[in-house]
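Laboratory data are not the source of any read-out in this text; all were calculated from the coordinates shown. This is a predicted model, so every value here is computed, not measured.
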Amino acid sequence: MKSLSYLFLIALVVGMLSCMSDAPKQAKKPLNPNGDSELALLMREMFDNGMEIKKRIAQGEKLTLSFDPNHIFTAQATEPDKAASEAYRNFGESYIAAVEAYKNAEPENVSEAYEIMVNTCMNCHRSLCPGPTVRIAKLY
Ligand code: HEC
């Protein structure tokens, strides 16, 4: 049990490092060494809201999003070059499409639409920002 909780701790720390672990060789310092960029704050809100949505789905309810997902394209990022990339835009648009599908989902499809939405979080993160994937996996 003890080693399990260590694993959990490590996962948590890695998650908190955000994308930093992904780009250790960057000469330029990130805008904010704590990772508290506008985008990081928005992402945290997205995660917290996701945990709440998951809980409500288990109770047969459909929660609305507590944030504007389009802000992923305008919020200032720790690594602005990354957020300005074409890959980021493509992954971001898949995410927005999944959000729309979730919003429009009929009650019997809410759970599936939610999972697809989490997949789009994962897809972007696996490619561009692997740090938080362990945390995001909790949304399933
Ligand atoms: C288009 C790509 C993309 C999508 C989609 C995306 N993320 Fe992120 N996420 C990022 C990037 C880039 C960062 C780093 C933000 C920064 O540090 O400025 C990040 C950071 C995070 C963080 C770490 C925040 C912190 O504390 O520093 C979490 C948690 C997170 N995302 C969760 C999610 C969840 C949950 C979703 C889906 C609801 C999601 N992300 C969708 C790219 C994405």
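Overview of values
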| read-out | value |
| --- | --- |
| Residues of type aspartates and glutamates that LYS103 reaches as a straight line, Cα spacing below 14 Å, ignoring anything fewer than 8 places off in the same chain | GLU61, ASP68, GLU112, GLU115 |
| The range 49-82 versus the range 84-131: alpha-carbon centroid distance in Å | 10 |
